[in-house]
Amino acid sequence: MEKVQWQVEGMDCSNCALTIRRYLEKEGMKDVKVNFATGDVSFDMNGNAVVPGNLSKGIESLGYKVVNEEQAEKERKPFLSNHLQRFLFCLPFTLLLMLNMIPGVHIHWLMDPWVQLALTIPVYIVGMSFFGRSAWKSLRNGMPNMNVLIAVGATAAFVYSLYGTLTGQAANYMFYETTAAILTLVFLGNLMEDSSVHSTQRALNKLAKSQKVMANMIAYDDKYQEQIFQVENTELKVGDLVLIKSGEQVPADCKILWGEADVNESVLTGESLPVHKSKKDTLIGGSLLQDGTVRAQVTAAGNDTVLSGIINLVKQAQGEKPPVQQLADRISAVFVPVVLGIAALTLVVNWIIMEDFTPALMRSIAVLVIACPCAMGLATPAAIAVGLGRGAKSGILFRNATSLELFKDIKQVVFDKTGTLTTGNFQIANSVQSPEPGVPSQEFQRIVYSIENFSNHPIAKSITREWKIDEIPWTKIEEIKGLGMKAEDREGNTYQAGSFRMAEHLTKDDQHNIYVIKNDRLLGWIDVKDEVRPEAKAVVDYFHSKDIKTILLSGDRYAKTKQLGDLLGIDEVIAEQTPEQKLNKVAELNAQAPTVMIGDGINDAPALAKATVGVSMSDASHIAMQTAQVVLMNNGLKNLPTALGLGKHTYLTIKQNLIWAFAYNIVAIPVAALGFLTPTFGALVMGLSDVVLAINSGRLFVKKVT
């Protein structure tokens, strides 16, 4: 299934996003996500035979433009192609038209209707080239957007004034300044809205900017002399050699071949303390070498890098709509036709009551320009953009927007033990005991190393890290889920290395970590020690302070699990569970109350997927493989309270935004219909309404969430 990601220009409101989404779904595309605030559009081709170029042309026929982000940056756009240029062009004409509205100011020649017409025409042409064109295309596609309201309001005032000028009744029909003011102030409002919305993207933009740097590429001439070339990291390919010096940014994901350095990975993990890296260690593109020089080989470049994957995942999540937005979307879809109906009713009723067409028309125009469907469409994307952006900056990756909302209802938290509450960095604690006579210690180590070298379990990795020895060539080896490893050599001997459950028919001593068996005879056992994460106790206490129940769910022996649970003050301990039993237990807990599950993201994948919200304890290099909805990229628990708090406060911000959006329109439209404000003031207030939402959403950047 091919995933397509596009940048689309020309979207102004949620109706625009809905138009594009419906078009792509009609063409057979799956999992369509459209974010009008950022212009990001993503969908799955799902084996569809439709050519992407035809889809692009289809979107352009709707009035939008698919652009390549790099080309968009380099492309020189024509004058009046953005809101700032349009506003600055219209402003001088509008200020001249508004001069006579200032008390005590009276410029005779500005009262001439032909002068006012001449001043209004440039503003009207620029306004209609944007609002009018957008309105017409939206009407043609059966999805009227907010620009229909602006275009109708401005055109009504312009045509009314033009009629008075042409019929010699200008004194009673002079509303050119209303036309110009509406268009100019809405351009100003759009400009402020764009600026505010873009500021909500700053965390993600910071990540994106760190992708593009210069790299010192190592090459060799025909005499095998080393040559250093400076190239853009976008030109690097897998296998290329690079030189990275102190103070430079890592240009792409790579593996160190020579040298060592202290690396700041805060751009990815939120952790400012440098990490020491040496030969064979991986460097993640976007991180910074604080001290040291290394030569490294590129392992991933371009869109395949960890950083690129994070940015794409966050963009996809921003395009999703949590359940709280569904009501706003349904209202937005019918909002413009309803407002047009209210405006028409306002015109008729006021005309009948006041018996004067002019003030009735002004009230009707005020209704059109003060109504703001964008506020309802922007309420959720603005808050989600900030929430996800702050999360990415802090080393917390939300894979979907729904998980942000689900956090608000969490009543219990389930922790895995190894690698979650503990560091997962094991050390062999005691000397190996081998009751089987005739098995030398060296041979015992060789057997264990050869088996555990095929396991991904943290204990197995710690053993193979400490014991480096020749391997036995197995003819068959497999992992038995929840128990351990099983292998067979060329002579047909069967070996096993795993938990006590593998050896419980051979011994009653259940106090060891790894039991080693040969041909159903116990060869020996290994004890390892694991340290508790220093932040674990504080995190558990945090959940208790929020009246959230804590549960420790582990496959380890009950005695050891209970000891850790008591040390950290965890409410309930459930031990000796297989992955299947963990899955069933999480499902059972989930049925009782909304549950968060925190695990390593690999062994606990089924349970993580089953929880209300699954949180993966993973290093950044494995992000793309996780099934969890939330990934803690710095492989530490300390950001878990921030993730929970960010989810709750993002939902709170969305709710505040929606309340404001609904309240604004419910109050503003009747106020305009009753004649308590002018169309000019209505246009200004309409623009400011979106800015209020963006500012409220922006508070999430600095707001205390824990």
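Annotations for the structure displayed:
- Counting residues in segment 36-51 that are in a loop (DSSP other than H, G, I, E, B), modelled with pLDDT of 85 or more and touching a strand residue (DSSP E or B) at 6+ places or on another chain (Cβ under 9 Å) gives zero.
- Count of residues meeting criterion [hydroxyl-bearing (Ser, Thr, Tyr) and in contact with a Gly (Cβ under 8 Å, 6 or more places away or on another chain)] in segment 494-548: 2
- Pair list, Cβ under 9 Å, 6 or more apart: segment 518-547 residue polar (S, T, N, Q), other residue not in a loop (DSSP other than H, G, I, E, B): ASN519/THR494; ASN519/TYR495
- Checked against (1) hydrophobic (A, V, I, L, M, F, W, C); (2) surrounded by fewer than 20 Cβ atoms within 10 Å (Cβ to Cβ); (3) modelled with pLDDT of 85 or more, MET1 passes all but a single condition, namely (3).
- Answer from LEU388, LEU378, LEU368 - the residue that is assigned to a helix (DSSP H, G or I) and in contact with a Phe, Trp or Tyr (Cβ under 7 Å, 6 or more places away or on another chain): LEU388
- THR402 vs. criteria modelled with pLDDT under 80 and of a type outside the set (Phe, Trp, Tyr): yes
- Counting only helices (runs of 4 or more DSSP H) that fall entirely inside segment 532-592 and contain at least 2 residues that are modelled with pLDDT under 90 and of a type outside the set (Phe, Trp, Tyr), the qualifying elements are 558-568, 579-592.
- Checking every residue in segment 211-220 against the condition of being at pLDDT below 80, under 30 Å from GLN85 (Cα atoms) and assigned to a helix (DSSP H, G or I) gives zero matches.
- Restricting segment 375-419 to residues that are of a type in the set (Lys, Arg) and within 16 Å of MET597 (Cβ to Cβ), the residue that is nearest to the chain's Cα centre (by Cα) is ARG399.
- Inter-residue pairs, beta-carbon under 6 Å, first surrounded by fewer than 18 Cβ atoms within 10 Å (Cβ to Cβ) and in segment 450-477, second among the hydrophobic types (A, V, I, L, M, F, W, C) and in a loop (DSSP other than H, G, I, E, B), 6+ apart: ILE477/PHE454
- Tally, over segment 138-180, of residues that are part of a helix (DSSP H, G or I), closer than 13 Å to THR120 by Cβ and out of contact with any Pro (no Cβ under 6 Å at 6 or more places or on another chain): 13
Each row is one residue, and each column tells you yes or no for (1) modelled with pLDDT of 90 or more; (2) in the same structural domain as VAL338 (by TED's automatic domain parsing); (3) touching a strand residue (DSSP E or B) at 6+ places or on another chain (Cβ under 7 Å); (4) under 30 Å from ILE20 (Cβ atoms).
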residue: MET101; (1), (2), (3), (4): no, yes, no, no
residue: ASP112; (1), (2), (3), (4): no, yes, no, no
residue: GLN116; (1), (2), (3), (4): yes, yes, no, no
residue: TYR124; (1), (2), (3), (4): yes, yes, no, yes
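- Per-region count, segment 98-111, residues closer than 16 Å to ALA171 by Cβ and surrounded by 14 or more Cβ atoms within 10 Å (Cβ to Cβ): 2
- The condition (being assigned to a loop (DSSP other than H, G, I, E, B), under 30 Å from ALA536 (Cα atoms) and out of contact with any strand residue (DSSP E or B) (no Cβ under 9 Å at 6 or more places or on another chain)) is satisfied by just one residue among LYS638, LYS704, LYS648: LYS704.
- Every condition in (1) touching a helix residue (DSSP H, G or I) at 6+ places or on another chain (Cβ under 6 Å); (2) surrounded by fewer than 23 Cβ atoms within 10 Å (Cβ to Cβ); (3) at pLDDT 90 or above; (4) of a type outside the set (A, V, I, L, M) holds for THR346 except the one numbered (2).
- LEU55 being modelled with pLDDT of 85 or more and farther than 23 Å from VAL126 by Cα: yes
- Within segment 524-538, tally of residues that are of a type in the set (Phe, Trp, Tyr) and over 27 Å from GLN442 (Cα atoms): 0
- Candidate set from segment 405-423 (those that are in a loop (DSSP other than H, G, I, E, B) and surrounded by 21 or more Cβ atoms within 10 Å (Cβ to Cβ)); member that is modelled with the lowest pLDDT: ASP416
- Check on ALA360, assigned by TED's automatic domain parsing to the domain that holds ALA181, in contact with a helix residue (DSSP H, G or I) (Cβ under 8 Å, 6 or more places away or on another chain) and surrounded by fewer than 24 Cβ atoms within 10 Å (Cβ to Cβ): yes
- Filter pass, THR19 being in contact with a helix residue (DSSP H, G or I) (Cβ under 8 Å, 6 or more places away or on another chain) and modelled with pLDDT under 85: yes
- None of GLY565, GLY498 is out of contact with any helix residue (DSSP H, G or I) (no Cβ under 7 Å at 6 or more places or on another chain), more than 25 Å from SER450 (Cα to Cα) and buried (at least 21 other Cβ atoms within 10 Å of the Cβ) except GLY565.
The values are calculated or read from the model by the stated rules, or taken from the named source; none is laboratory data. No experiment lies behind these values; they were computed from the predicted model shown. Here the Cβ is made from the backbone with ideal geometry for all residues, glycine too, and neighbour counts use every protein chain on show.
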